[in-house]
Every structure is written in structure tokens, then in C-alpha cells.
Amino acid sequence: MSGEIVKRLVELEKALDPNKLAAEAYNYFKNITPIRSGNARRNTRLKGNEIQADYAYAQRLDDGYSNQAPQGMTKPTEKFIQEYIKKQSKG
């Protein structure tokens, strides 16, 4: 039984690798970023484990200005991360 637990912990550790988690969160964030001209998505980057929205109206979009993302991008991405971790934990 303990061997199975160790195996599961190793799998969970791999699944929750900060780099992998950051990449998953970044992809989700970028995909839900509103698109009109493509500028917002084009200027959203992952630097290390940090998502950076490098455009003047980033805060406005995140505050729900666009009908395409009425909840912004940060809060839905936080929920995505929580669900991702929960899903990986259940494996």
C-alpha cells in the first residue's frame, strides 16, 4: 500500500510542477482574453511562472469591460487553476 502512495505522490508532484501549471494557466488565460484586433492576446506572455498582460488596457479588460470576458481573465483563470489542481489530485 505505501508503495502505491509514494507512486501517486510522485505522479501528483509531476502533475503539479509549477512550470507545467503556469503553462496551463497561461494557455487558459490567453484563450479567454477577448479578441478584437488580436493585440491583447499577442501581448500576453508567460515570463517564468508569471502571466504578463503587456498592453495599456489590460486592467480594463480584466475588470470585465469586454462582453467577450465579462468576468475578466484573472478570476476565471484562478478557478481554472483550482479545478486543475483538484483534478490532478484525484488522478
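The values are calculated or read from the model by the stated rules, or taken from the named source; none is laboratory data. Remember, predicted model here, so these are calculated numbers, not experimental data. As a convention, Cβ positions derive from the backbone with ideal geometry for all residues, glycine included, and neighbour counts pool all protein chains shown.
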Six or more apart or on different chains, Cβ under 9 Å: which pairs go from a residue in the range 31-49 that's surrounded by fewer than 13 Cβ atoms within 10 Å (Cβ to Cβ) to one that's polar (S, T, N, Q)? Could you list them? Arg36/Ser66; Arg36/Gln68; Arg45/Gln52; Gly48/Asn19; Asn49/Asn19
For residues that are among the basic types (Lys, Arg) and touching a helix residue (DSSP H, G or I) at 6+ places or on another chain (Cβ under 8 Å), tally how many sit in the range 21-44. 2
In the range 17-34, is there at least one residue being modelled with pLDDT of 95 or more and aliphatic (A, V, I, L, M)? yes
Which of (1) free of Cβ contacts under 8 Å to residues at least 60 places away in the same chain; (2) surrounded by 14 or more Cβ atoms within 10 Å (Cβ to Cβ); (3) in a helix (DSSP H, G or I) does Leu12 not meet, given it meets every other one? (1)
Flag for Leu46 being in contact with a Lys or Arg (Cβ under 9 Å, 6 or more places away or on another chain) and under 21 Å from Lys75 (Cα atoms): yes
What residue, among those in the range 15-43 that are hydrophobic (A, V, I, L, M, F, W, C) and assigned to a loop (DSSP other than H, G, I, E, B), is nearest to the chain's Cα centre (by Cα)? Leu16
So how many residues does the range 15-30 have that are surrounded by 14 or more Cβ atoms within 10 Å (Cβ to Cβ) and more than 15 Å from Thr77 (Cα to Cα)? 1
